[in-house]
Amino acid sequence: MKRLVIAAAVLVASCASAPKTPAEMLLGTWQCETKSNDITIKGPFTYLAGGKSTFEPNVAGDVGPGMKLDMSGAAEGTWTFLPDGKLEQVITKLAVAKGQVGGQDVPVPMLQGMVDQMIVNQKATSTPTITPTSLTLTSSDGSASTCSR
């Protein structure tokens, strides 16, 4: 009986400490920041089971001489790990909540049209580095998104 109890305890301990897959480690909410050229995108990004995601981006930066962009919204997307270990993501919907260019309000429908054309349904592939508390997604151009929990 004593051997059975010890064997069961060892089995439970080994199962509890089994390494997680990258997909399992990715799940949950991350606070992320991406800098690309003169644009910074920040916000919570949630990876859901089944390959779905949600994101609340705040976008800020220079889009031309003296033209600062400030925009926010809510996004939905998909994610999957490719056979080579890279992470492929697609923003399937991004609803613009508000936006300004050069300190002036821009009508949401105008921004929404640009976002739909330039961002929605575009694939992005990156190399992930995941720990329990940090996530870095490095694109082929060398730019990186850094996230923490």
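The values are calculated or read from the model by the stated rules, or taken from the named source; none is laboratory data. Since this is a predicted model, take the numbers as computed values, not measurements. Neighbour counts run over all protein chains shown; Cβ positions are idealised from the backbone, glycine included. Keep in mind that these areas ignore ligands, DNA and RNA; they rest on the heavy atoms of the full protein, side chains included. Shrake-Rupley method; radii C 1.70, N 1.55, O 1.52, S 1.80 Å.
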Using Cα springs under 10 Å in a Gaussian network model of the chain, which residue among Ala18, Ala74, Ala60 shows the largest mean-square fluctuation? Ala18
Taking 7 Å along the Cα-to-C-beta vector as the label spot, tell me the Ala49-Asp62 distance in nanometres, rounded to one decimal. 4.7
Using only the alpha-carbon atoms, how far is helix 108-118 inclined from the longest principal axis of the chain? Give it as 0 to 90 degrees, nearest 10. 60
Label assignment, Rg and Dmax of the Cα atoms in Å derived from the structure, set (i) 14.7, 46; (ii) 20.0, 78; (iii) 15.9, 45: (ii)
Helix 2-16 sits at what angle to the longest principal axis of the chain, using alpha carbons and giving 0 to 90 degrees rounded to 10? 10
Accessible surface of Met71 in the full protein assembly, 1.4 angstrom probe, to the nearest 10 Å²? 20
Of all the accessible heavy-atom surface of the chain, with the other protein chains kept in place and a 1.4 Å probe, what percent is carbon and sulfur? 60
Return one whole number: the accessible area per residue of the chain in Å², for a 1.4 Å probe. 64
Within straight-line cross-link reach of Lys123, lysines at Cα separation under 23 Å, skipping those fewer than 8 residues along the same chain: Lys35, Lys42, Lys52, Lys86, Lys93
Most fluctuating of Pro57, Pro44, Pro19 in the GNM of the chain (C-alpha, under 10 Å) is Pro19
